[in-house]
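This report concerns only the one structure given below.
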Amino acid sequence: MSLTSLPFEIIGRIFDYLELPDLVDCSLTCRPLHWFFNFHQYGLFRPLWHNVPCQIPNNGVSDLRLYYRNAVMIDATLYIVVLSLNSPTCWQLRTNEKNLEWLCIPVKVFGQYRPVKYPATSSISNQIYIHGGIDLVTGQPTNALYELSVNNMHLRTLSQSNVLPRPRSMHTLNAIDRNRFMIYGGQCFTNDRPYDCRDYAIYDITNKSWTIYNPVPNIPYARSLHLTVLVRNALYIYGGQQITYVGLSEIHNDDGIWAYDTQNNQWRKYLSPNIEQSTSFRLPSEWISTTGRKQSPGRRVGAAMVCFRNKIVIFGGSTTDNWERSQVEKPWEYMKIFSASKRTWEHIRIRGLPRMQCVAFTSGRREFFVIGENANTGEIMMGRIFD
């Protein structure tokens, strides 16, 4: 009896007892075992990119290009809130329908309204929260905080007691439980000159107040346009850009992943593989080594980062060398997968994935919905990743 003739459950039990090198050797014996290895390791057999045709109305092209990184997914519906000069609107796309169609929904404002670009967004239940951004009238960053109900499209300005965080843009906003969300990093201004910050603060919806945390030694380096994702009780931070001494922005030179324990207010860093061998300095105890050098994502900006099967998935974006130094064919097609519990990097190829800056959302048990900007044409495009 061959191994491939056994039920999947039995093969899975056998794979559980094998070390990774043995699993790899076993997967190379035949195509069925290779596919099963992929599913056992990544939750996917042979992921492919499937382009999603969807006509974008003429009045929505510039909106989606400017605000797509602020998209949120609630119950299989994609929402992109546009805080424009004239009046706010919300683009809506029901991703589970056969024929996708963008809908532009007018938003009714309650309270003071300031139009902004480059804010940070997140959602809790049926509420979308929007913080900060660049004021389109003054050109300065703001610390305004909005709450949009997707049920009636009412936008309200939330009161903020205690000391407020610094006005900023290009930062991140993440719900860390049902009553709190956290901002980190972003770009601030001093005397009309931009600079990246590294501070973080948590807003409590119930008492409408901020808790601003003092900087500690073991905290991520200052950055903007970075990526964040919540996995269980830890908020992970990766990539982004940094402002250089001459005032220009470039891809951040930190290729590790930082993790914030939302319950204990503690930071730790997962180093990029083999970094311990490249330095003679003694590293902090909160810095954790990882393995899988060829599988790690390196330095990126504009990528997608999501949680899938309690692992961190990263793909897309731009790299420091624009993929030119890679020794593999179409390196942008590789999805990088990090397991914090095993401290390992792995990767799997998404055949057909275009070069793009993007955001992604899990859609179903083994599917991702992706929206972003094509690196070659600059056009907004959408797709699904599944077997």
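Quick one: how many residues across segment 184-199 are within 13 Å of PRO220 (Cβ to Cβ), of a type outside the set (Asp, Glu) and out of contact with any Cys (no Cβ under 8 Å at 6 or more places or on another chain)?
2
Which one is surrounded by the most Cβ atoms within 10 Å (Cβ to Cβ), of the residues in segment 34-76 that are of a type in the set (A, V, I, L, M) and not in a strand (DSSP E or B)?
Of all residues in segment 34-76, those of a type in the set (A, V, I, L, M) come to 44, 48, 52, 56, 61, 64, 66, 71-74, 76.
Narrowing further to those that are not in a strand (DSSP E or B): 44, 52, 56, 61, 64, 66, 71, 76.
Working: LEU44: 23, VAL52: 15, ILE56: 17, VAL61: 12, LEU64: 20, LEU66: 14, ALA71: 20, ALA76: 14.
Step by step, filter segment 34-76, then rank; the result is LEU44.
Out of ARG198, ARG180, ARG156, ARG166, which single residue is farther than 24 Å from VAL82 by Cα, among the basic types (Lys, Arg) and touching a residue at least 24 places away in the same chain (Cβ under 8 Å)?
Criteria check complete, one pass: ARG198.
Which one is nearest to VAL313 (Cα to Cα) among residues in segment 199-221 that are among the β-branched types (Val, Ile, Thr) and in a strand (DSSP E or B)?
ILE202
Being among the polar types (S, T, N, Q), in contact with a Leu (Cβ under 9 Å, 6 or more places away or on another chain) and at negative phi narrows it down to one of SER27, SER87, so name that one.
Among SER27, SER87, only SER27 is among the polar types (S, T, N, Q), in contact with a Leu (Cβ under 9 Å, 6 or more places away or on another chain) and at negative phi.
Can you pull out the residues in segment 105-114 that are part of a strand (DSSP E or B) and either aromatic (Phe, Trp, Tyr) or surrounded by 14 or more Cβ atoms within 10 Å (Cβ to Cβ) (or both)?
In the first step, residues of segment 105-114 are kept if they are part of a strand (DSSP E or B); the result is 105-106, 108-110.
Hits for segment 105-114 are VAL109, PHE110.
Restricting attention to segment 77-99, which residues are farther than 16 Å from GLY372 by Cα and in a loop (DSSP other than H, G, I, E, B)?
LEU83, SER84, LEU85, ASN86, SER87, PRO88, ASN96, GLU97, LYS98, ASN99 - these are the residues of segment 77-99 that are farther than 16 Å from GLY372 by Cα and in a loop (DSSP other than H, G, I, E, B).
Could you list, in sequence order, all residues of segment 222-240 that are outside any strand (DSSP E or B), of a type in the set (A, V, I, L, M) and surrounded by 21 or more Cβ atoms within 10 Å (Cβ to Cβ)?
LEU225
Looking only at residues in segment 165-189 that are over 24 Å from VAL107 (Cβ atoms) and among the hydrophobic types (A, V, I, L, M, F, W, C), which one is modelled with the lowest pLDDT?
PHE189
Look through segment 321-375, keep the residues that are within 23 Å of GLU250 (Cα to Cα) and acidic (Asp, Glu), and return whichever of them is surrounded by the fewest Cβ atoms within 10 Å (Cβ to Cβ).
Going through the qualifying residues, I end up with GLU324.
Which of the residues that make up segment 77-91 are surrounded by 13 or more Cβ atoms within 10 Å (Cβ to Cβ) and either among the acidic types (Asp, Glu) or free of Cβ contacts under 8 Å to residues at least 40 places away in the same chain (or both)?
ILE80, VAL82, SER87, THR89, TRP91
Any idea which of (1) out of contact with any Lys or Arg (no Cβ under 8 Å at 6 or more places or on another chain); (2) within 27 Å of GLY139 (Cα to Cα) is the one ASP196 doesn't satisfy?
(1)
Taking segment 116-142 only, how many residues are buried (at least 17 other Cβ atoms within 10 Å of the Cβ) and either of a type in the set (Val, Ile, Thr) or assigned to a loop (DSSP other than H, G, I, E, B) (or both)?
Residues meeting the conditions: 11.
The values are calculated or read from the model by the stated rules, or taken from the named source; none is laboratory data. Note that this is a predicted model, so its numbers are computed, not measured. In this analysis, Cβ positions are derived from the backbone assuming ideal geometry, glycine residues included, and neighbour counts consider all displayed protein chains.
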